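Comments concern the structure below.
Throughout, read-outs are computed from the coordinates displayed, never taken from laboratory work. As the structure is a prediction and not an experimental result, all values here were calculated from the model. We place every Cβ from the backbone using ideal geometry, glycine too, and count neighbours over all the protein chains shown.
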Amino acid sequence: MKQTVYIETSIVSYLTSRPSNDIRVAANQNTTIEWWETRSPLFDLYVSEFVLTEASFGNPDAANRRMTVLEDIPELTTLEDVRRLGKALIYKGSLPVKAEIDAYHIAVAAVHGMEYLLTWNCTHIANAIMRPKIEFLCREFGYEPPIICTPQELMEG
């Protein structure tokens with residue numbers, strides 16, 4: 001049985017965007033493409049309404065590229081437990097209010113029992129300072145938190 005991965009919006013953005021002139025962003029783009037081509041088939045991938053909504057914003061051509069990549073990935077439902085955990089992640093101090101959608105990404109992944117949450121959002125999601133608080137709250141609500149990681153971290157195994 002394959003392990004499960006929740007694909008957060010930044011992954012699809014890095015996968016489909018034009019090559020960046022910023023060397024760090026370009027490296028992350030290349031890693032994402034390599035992960036997608038070589039590692040993603042080893043996992044069951046999932047998204048949520050939050051990913052689909054975010055991916056549809058912006059430049060129409062870029063949004064179309066993102067939505068095309070996402071079209072065959074199953075969507076996890078947003079249950080009331082997702083909303084409850086998402087709000088707790090914001091209002092109990094794990095994430096700042098401006099990161100509400102990020103809280104819902106984490107909540108969807110936790111409530112649906114995803115093993116991994118794959119992201120390049122190191123400000124609010126894959127953040128070593130915030131991770132213990134996120135994990136504590138997920139467990140306090142009765143959910144095992146997903147392993148939050150970047151494609152670089154999920155490349156080998």
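Which residue, chosen from Trp36, Met130, Ala103, occupies the Cα position most advanced towards the positive end of the dipole of the chain, where the dipole is computed from +1 (Lys, Arg) and -1 (Asp, Glu) charges on Cβ about the Cα centre?
About the Cα centre, the residue reaching furthest to the positive side is Met130.
Within a 10 angstrom radius of the beta carbon, how do Tyr6, Tyr116, Tyr104 rank from fewest other beta carbons to most? Intermediate values should be presented prior to the final figure.
Values: Tyr6 25, Tyr116 19, Tyr104 22.
Least crowded to most crowded, the residues run Tyr116, Tyr104, Tyr6.
Only Cα pairs within less than 10 Å get springs; with that Gaussian network setup on the chain, which residue of Ile23, Ile90, Ile129 has the largest fluctuation?
Of Ile23, Ile90, Ile129, the Gaussian network model singles out Ile23 as fluctuating most.
Assigning unit charges at the beta carbon (Lys, Arg +1; Asp, Glu -1) and nothing else, what dipole magnitude in debye, to the nearest 20, does the chain show about its Cα centre?
Working: 14 positive and 21 negative charges, 96 e Å.
Magnitude of the dipole: close to 460 debye.
Hey, fewest Cβ within 10 Å first, where do Leu42, Leu117 land in order? Show your work: numbers first, answer last.
On the way: Leu42 11, Leu117 26.
If I rank by nearby Cβ atoms, fewest first, I get Leu42, Leu117.
Using Cα pairs closer than 8 Å and at least 6 residues apart in sequence, work out the relative contact order for the chain, in percent. Kindly include the intermediate steps, with their values, before the conclusion.
On the way: 225 pairs, mean separation 42.3, N = 157.
Relative contact order, the chain: 27 percent.
Could you tell me the ratio Rg/Rh of the chain? Both radii from Cα atoms, Rh via Kirkwood.
Values: Rg = 14.9 Å, Rh = 15.7 Å.
That ratio equals 0.95.
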